[in-house]
1. Apply the a/c threshold of 1.5 to the C-alpha gyration tensor of region 81-197 and tell me whether it is rounded, prolate or oblate.
2. Looking at the square roots a ≥ b ≥ c of the eigenvalues of the Cα gyration tensor of region 63-140, which shape do they give, rounded for a/c under 1.5, prolate if a/b is larger than b/c, or oblate?
3. Excluding ligands, DNA and RNA, what is the solvent-accessible area per residue of region 1-140 at a probe of 1.4 Å, expressed in Å²?
4. Given points 7 Å out from each Cα along the Cα-Cβ axis, report the His72 to Ala211 separation in nanometres with one decimal.
5. Net charge near Leu206, counting Lys/Arg +1 and Asp/Glu -1 over other residues with Cβ under 14 Å of its Cβ?
6. How large is the convex hull of the C-alpha atoms of region 1-152 per residue, in Å³?
7. I'd like the accessible area for His84: 1.4 Å probe, protein heavy atoms, all chains in place, Å² to the nearest 10.
8. Going by average Cβ density within 10 Å per residue, which order do the peptides 334-341, 301-308 take, highest to lowest?
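The values are calculated or read from the model by the stated rules, or taken from the named source; none is laboratory data. All figures in this text were calculated on a predicted structure; none of them were measured in a lab. Using ideal geometry, Cβ is built from the backbone for each residue, glycine included, and neighbour counts are taken over all protein chains shown. The protein model used for the area step is the full one, side chains on, heavy atoms only, and it has no ligands, DNA or RNA in it. Shrake-Rupley method; radii C 1.70, N 1.55, O 1.52, S 1.80 Å.
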Amino acid sequence: MDHPEFTAFVLVAGLLLAAAAQWRDWRPSLRTALGVGIGLRLTLLISASTDSWQPVDFNEGFRAAGQAILHHQDPVLASQGSWHFLPMIPYFYALALATGLPWEIAGRLCTIVADVVLIVLVGRLAGRKHGAAARFQYACNPIALMIAVIHAQVEPISLVFLVAAYLLARSARNGAENGVPGPNGAWAGALFGFALSAKSWPIILLPVVLAMLPNWRQRLYGLVAAGAVPVFFLVTLPLVVSSSWADMLNVARYLGEVRPIVGEWGWTALMTHGNWTLAPMAAKVGQLILYSTIALVIWLWWRADRIDQTSAILLAFMVVTPRMGAQYLLWFVPFLCARPTRWSRAAMTVGAVWAGIGYIYLTQFDDTGWWENHSWWAMSSVAIIPLLVLAMPWARRRPKSADRLVTPDTELVPVAESSA
């Protein structure tokens, strides 16, 4: 990275703005939140797009996927596995590249636009009383800034559809409870399907979204729609690119595989001394632990608010996962901004510092120096895990009626921790 001091200054400025807003109990308008959020993202875009350092996956895998669509090639096969998701986002990349913009800008447009829309949606997710504070917190969040702009990972695109699905599902339930026609569950399912078409991880939240819908008929509609969207993008491959049905099946098989690369985070980083390793057994055992933990958390928080349940699921994922990329830290940020807990600010701050060291400090070294420093950086991730555990909404697992407040938009918000 050519300008580490400037990048760190922008990220710290966002962190301080968010901290000051929480400390002073600011409720900035939507226009202010969008102005600050867009300003921070455009500032980082100017710096990131002119930098001689570019993330390897962004510069090689994502670019190759977009160029493959332009040349009517399969993005998974053409990128030699660097792109291992459905073709939805490569379609966006191809459209951006077709404008003639440099890849360093074109490849970041869709993630930045999605992240700006998330500012609005996070406010809606938090509700009328806490929405202004929540959207400003997300607008300034350093993790969101790093993932959407510097790394240009596709998490914001997946999250914008996921949060929209939550909002529609909640609207459908509220409408049913108040006797007012609400949106059909199929629309919430379709939005969830778009989130799943961007990245595969939202699948762990499908039970939560379906549970938010008002009845079993709506849940069936939502489930069918959620599955139909990824299937649609898969079957578009032979129509858009020169891919045979046999190639399409090979791609589907490849997408269903879990790559056994460990050593970036948590217990597997300690096991490998912070080095990336192909460890099929560790990955397989880790997946069993992961899925068992997620099932347990879903059960423990089943009576809680669905946003709290989601935060608990995603934080638990980070605690036990055998595989990790810094971009995973964005998963829980919209939900914790919408419904913060006592330790959520500390967890997100420490997570941002850890990710910032990876994006800013480690990029100052050549390949040899990067690998040497990567070891201690990866192993240091274990220091974040206790804060992630503390940030889980433990006090909201079994909410009591006396501890809850009905807001004007019919949401239920715990009084005890709503301002934490």
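1. Values: a/c = 2.85, a/b = 1.56, b/c = 1.83.
Judged from the Cα gyration tensor, region 81-197 comes out oblate (a/c at least 1.5, b/c at or above a/b).
2. Working: a/c = 3.78, a/b = 2.52, b/c = 1.50.
Prolate shape, in that a/c is at least 1.5 and a/b is the bigger ratio.
3. Numbers: 6280 Å² over 140 residues.
Dividing the accessible area of region 1-140 by its residue count gives 45 Å².
4. Those two pseudo-labels are separated by 4.8 nm.
5. In short, +3.
6. Working: hull volume 15.9 nm³, N = 152.
In region 1-152, the Cα convex hull volume per residue is 105 Å³.
7. Probe radius 1.4 Å; accessible area of His84 about 40 Å².
8. Details: 334-341: 27.6, 301-308: 19.4.
The peptides rank, most packed first, as 334-341, 301-308.
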